[in-house]
Amino acid sequence: FEIANRRESYVLTTGTGSGKSMSYIVPIVDRVLREGSGKGVRAIIVYPMNALANSQRNELEKFLGKTNPKVTFARYTGQENREEREKTLASPPDILLTNYVMLELMLTRPKERTSLINSAENLSFLVLDELHTYRGRQGADVAMLVRRLRGAVKSDEVQCIGTSATLAGPGTKAEQRQQVAELATRIF
């Protein structure tokens, strides 16, 4: 939370079920509450699987409420019905839960780009959950996607956050930290 409050980018690696998602949800909600809701997409959280986005949406519903939350959120992963998609496009949320494929489509489809990407001119947070899944060719694709997104929103103030339970390889703690830092630097 201290690193997030300093508006520095960070990667958190810790075991499964240890609360990694709270390390970015709390700072995002805090910033939106302090600076005001309804100013377009302030945070984009990218999950490698829709199941994780669905789970996080359920947690946000418990944490923030389902009706008229002070911080708005929406899932946009391709599994929404037409009504849900249109609602999200008409009124972009503060927090957008998605996957890297849909983020790519948001950058290339005119309707999504106009609504969601253009509303992200005040984007403060870009989160890649389960950062370890973005390796090899997929990692290169996601790294290019991140660069294109940052160029599209024209914001130098985007705080990048990565989380993972299994990111570092063998070696000393210092060597593991170096490996994590190198991977995060390449992706972000």
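The values are calculated or read from the model by the stated rules, or taken from the named source; none is laboratory data. Fair warning: this is a prediction, and the values are worked out from it, not measured in the lab. Don't worry about glycine lacking a Cβ; one is built from the backbone with ideal geometry, like all the others, and counts go over all protein chains shown. Areas reflect the complete protein model, heavy atoms only, side chains present, ligands, DNA and RNA absent. Shrake-Rupley method; radii C 1.70, N 1.55, O 1.52, S 1.80 Å.
Pick out the one residue from THR185, THR172, THR108 that is within 30 Å of LEU89 (Cβ to Cβ) and of a type in the set (S, T, N, Q). It would help to see each step written out before you state the result.
Working: THR185 fails: within 30 Å of LEU89 (Cβ to Cβ); THR172 fails: within 30 Å of LEU89 (Cβ to Cβ).
Of THR185, THR172, THR108, the one residue that is within 30 Å of LEU89 (Cβ to Cβ) and of a type in the set (S, T, N, Q) is THR108.
Residues checked against (1) touching a residue at least 60 places away in the same chain (Cβ under 8 Å); (2) of a type outside the set (S, T, N, Q); (3) surrounded by 15 or more Cβ atoms within 10 Å (Cβ to Cβ):
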site	(1), (2), (3)
ASP141	no, yes, no
VAL146	no, yes, yes
VAL158	no, yes, yes
SER164	yes, no, yes
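What strands (runs of 3 or more DSSP E), lying completely within the range 18-135, carry at least 1 residues that are under 25 Å from ARG186 (Cα atoms), out of contact with any Lys or Arg (no Cβ under 8 Å at 6 or more places or on another chain) and open to solvent by 10 Å² or more (accessible area, probe 1.4 Å)? Show your work before the answer.
Working: elements: 43-47, 73-75, 95-99, 125-128.
Qualifying strands (runs of 3 or more DSSP E): 95-99.
Going through ARG75, ARG42 one at a time, which residue ends up being in contact with a strand residue (DSSP E or B) (Cβ under 6 Å, 6 or more places away or on another chain) and under 19 Å from LEU103 (Cβ atoms)?
Working: ARG42 fails: in contact with a strand residue (DSSP E or B) (Cβ under 6 Å, 6 or more places away or on another chain).
It is ARG75.
Given the conditions (1) under 19 Å from MET102 (Cβ atoms); (2) open to solvent by less than 60 Å² (accessible area, probe 1.4 Å); (3) outside any strand (DSSP E or B); (4) in contact (Cβ under 8 Å) with a residue 40 or more places away in the chain, which single one is not true for GLY151?
For GLY151, the exception is condition (4).
Give me the residue from the range 100-128 that is of a type in the set (S, T, N, Q) and in contact with a Gly (Cβ under 7 Å, 6 or more places away or on another chain) and, out of that set, modelled with the lowest pLDDT. So that I can check it myself, show each step before the final result.
Taking the range 100-128 as the starting set, the residues that turn out to be of a type in the set (S, T, N, Q) are 108, 114-115, 118-119, 122, 124.
From the residues that got through so far, the ones that are in contact with a Gly (Cβ under 7 Å, 6 or more places away or on another chain) too are 119, 122.
On the way: SER119: 92, ASN122: 88.
If we take residues in the range 100-128 being of a type in the set (S, T, N, Q) and in contact with a Gly (Cβ under 7 Å, 6 or more places away or on another chain), then ASN122 is modelled with the lowest pLDDT.
Using the structure shown, decide if ASP141 is charged (D, E, K, R) and closer than 15 Å to ILE45 by Cα.
Criteria not met by ASP141.
Within the range 140-181, how many residues turn out to be within 21 Å of GLY19 (Cα to Cα) and small (Gly, Ala, Ser)?
Result for the range 140-181: 5.
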